[in-house]
Ligand SMILES: Cc1ncc(COP(=O)(O)O)c(C=O)c1O
């Protein structure tokens, strides 16, 4: 089926109530028939649910739908995108291991990598750029994965996924891709070699600024068994879950199953069933919302490009933008609804624009039906040093717009008056 259809119907088989909307299974636990049934469910020998921290029938539909959309064999939904990124690393790396990452990252992902994982003994090595030749020299025997955002937030770089996945696989490590900005409607990283896809569902997929959520999707084809010493947690009996050997017993989606049964089960960043329901509602309309997001974005970008008050402008629909060719190749000619731009006057001018908008909402989110404005240097990225800011692609004056689905003329009127106030 086509993506638009999967987003509405995928993964859902109605229960005996025949409810047409996916029910919110507001329950913590599910009953067992007897001890034998309980044992089989616990050991994952038969499908079933036992305790909501691991899974729930509402969350299960969202997982199946996302796995189908991304072309994966299994998925785990969690309470936030940040939890998804964290688990995606903790599922395969431990103390004294390292991860190599493209440098253009969402602010909290940068902080997680540079400080939190480091404090747990997992070194994250930042390439100077997202090109394969900048990533490859950082890989050594202790490297457990390469990480990147398919479209960087807020740098809007587009990673050459086929080249980076080729080099990851040549070194025997998986490629983990955060596909939040692109969404599977524009780009499916697994088709280009990614082994794991993560999402903040909070953004375009939820789409209404109501619900935090994250997802981890397993492509199901990384050959863990070929690397028994590098990836012991997939190849040796798992002490944290009944001694199972994931690469053998769950060969279809070993990464997703381990993520659920070790990370999620034991540390519990679980998405609530109501959260899963709201994210499913968002997913149903994702394709049509994206059409309006994109047409508004192109019109606003054209307006900004023609305005002498604007010093620079980045968006993926601009043929002169450094990543335009990669965007054409990987995003099927689409343009995500994120625009970054700067006006003369540096940090202070950025703040003045930010303070002056009336319709755009001043907040730190994106992908909402509402248009949003952010000044990363004073908000999401304020903890970063000037050097770290430059590395992740944020200038002091950078304004990030997340273009919503309102009438475009009202949005342009608001930008016009805020630009005047900024200068
Ligand atoms: C690319 C990207 N990944 C991960 C996250 C974290 O997601 P959440 O806010 O749902 O924890 C964000 C949040 O903005 C993001 O933009």
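Read-outs: derived from the displayed coordinates by stated rules, not from any lab. As the structure is a computational prediction, the values presented were derived from the model and not from experiment. Cβ: placed from backbone, ideal geometry, glycine included. Neighbour counts: every protein chain shown.
In this rough spin-label picture, where each label sits 7 Å from Cα along the Cβ direction, the residue 291-residue 131 distance is 3.9 nm. In terms of the mean number of neighbouring beta-carbon atoms within 10 Å, the peptides 316-327, 41-52 order highest first as 316-327, 41-52.
What is the fewest-to-most order of 259, 335, 134 by other Cβ atoms lying within 10 Å of their Cβ? Intermediate results must be reported in sequence, preceding the final value.
On the way: 259 26, 335 23, 134 15.
Least crowded to most crowded, the residues run 134, 335, 259.
Taking a ≥ b ≥ c as the square roots of the eigenvalues of the Cα gyration tensor of the stretch 1-97, is the shape rounded (a/c under 1.5), prolate (a/b larger than b/c) or oblate?
It is oblate, given that a/c is not under 1.5 and a/b is not larger than b/c.
The modelled label-to-label distance for the pair residue 347/residue 267, using points 7 Å beyond Cα in the direction of Cβ, is 3.3 nm. Between residue 123 and residue 416, residue separation times 0.36 nm minus the direct Cα-Cα distance comes to 101.0 nm.
What full-extension length gain, to one decimal in nm, is calculated for residue 328 and residue 37 as 0.36 nm per residue of separation minus the Cα-Cα distance? Before the final figure, lay out each step's value.
Details: separation 291, 0.36 × 291 = 104.76 nm, distance 5.15 nm.
Using 0.36 nm per residue and subtracting the Cα-Cα distance, I get 99.6 nm.
What is the fewest-to-most order of 224, 312 by other Cβ atoms lying within 10 Å of their Cβ? Kindly include the intermediate steps, with their values, before the conclusion.
Working: 224 23, 312 13.
Ordered from fewest to most neighbouring Cβ atoms within 10 Å, 224, 312 come out as 312, 224.
Along its first, second and third principal axes, ordered by size, the stretch 287-422 spans 36, 31, 28 Å in Cα coordinates.
Can you sort 347, 12, 255 from fewest to most other Cβ atoms within 10 Å of each residue's own Cβ? Walk me through the numbers before you get to the answer.
Numbers: 347 14, 12 20, 255 30.
Lowest to highest Cβ neighbour count: 347, 12, 255.
Over the stretch 141-300, with a single point scatterer placed on each C-alpha, what log10 of the ratio I(q)/I(0) does the Debye formula yield at q = 0.19 1/Å? Each listed q corresponds, in turn, to -1.25.
Using a ≥ b ≥ c from the Cα gyration tensor of the stretch 1-45 (square roots of the eigenvalues), is it rounded, prolate or oblate, where a/c under 1.5 gives rounded and otherwise the larger of a/b and b/c decides, a/b for prolate? Because a/c hits 1.5 or more and a/b exceeds b/c, the stretch 1-45 counts as prolate. Among 183-195, 364-376, the peptide with the highest mean count of other Cβ atoms within 10 Å heads the list, and the full ranking is 183-195, 364-376.
Give the peptides 60-68, 397-405, 378-386, 13-21 in descending order of average Cβ contacts within 10 Å, highest first. All intermediate terms of the calculation are to be shown ahead of the outcome.
On the way: 60-68: 23.3, 397-405: 25.1, 378-386: 14.8, 13-21: 8.4.
Those peptides, ordered most packed to least, come out 397-405, 60-68, 378-386, 13-21.
A convex hull fitted to the Cα coordinates of the chain yields 132 cubic angstrom per residue. Reported value for the stretch 117-231: 124 Å³ per residue, from the convex hull of its C-alpha atoms. The label-point distance for residue 45 and residue 9, in a model that sets each label 7 Å from Cα toward Cβ, rounds to 3.6 nm. May I ask for the distance between the Cα centers of the stretch 65-123 and the stretch 391-418, given as a whole number of Å? Computed from Cα coordinates, the inter-centre distance equals 29 Å. On a C-alpha basis, how far is the centre of the stretch 351-374 from the centre of the stretch 256-291 in Å? Whole number, if you could? The two parts, judged by their Cα centres, are 26 Å apart.
Share of antiparallel DSSP beta bridges in the chain, in percent to the nearest 5? Working shown, then result.
Working: 23 of 40 bridges.
Approximately 60 percent, going by the DSSP bridge assignments.
Relative to its Kirkwood radius, the Cα radius of gyration of the stretch 252-303 gives an Rg/Rh of 1.26.
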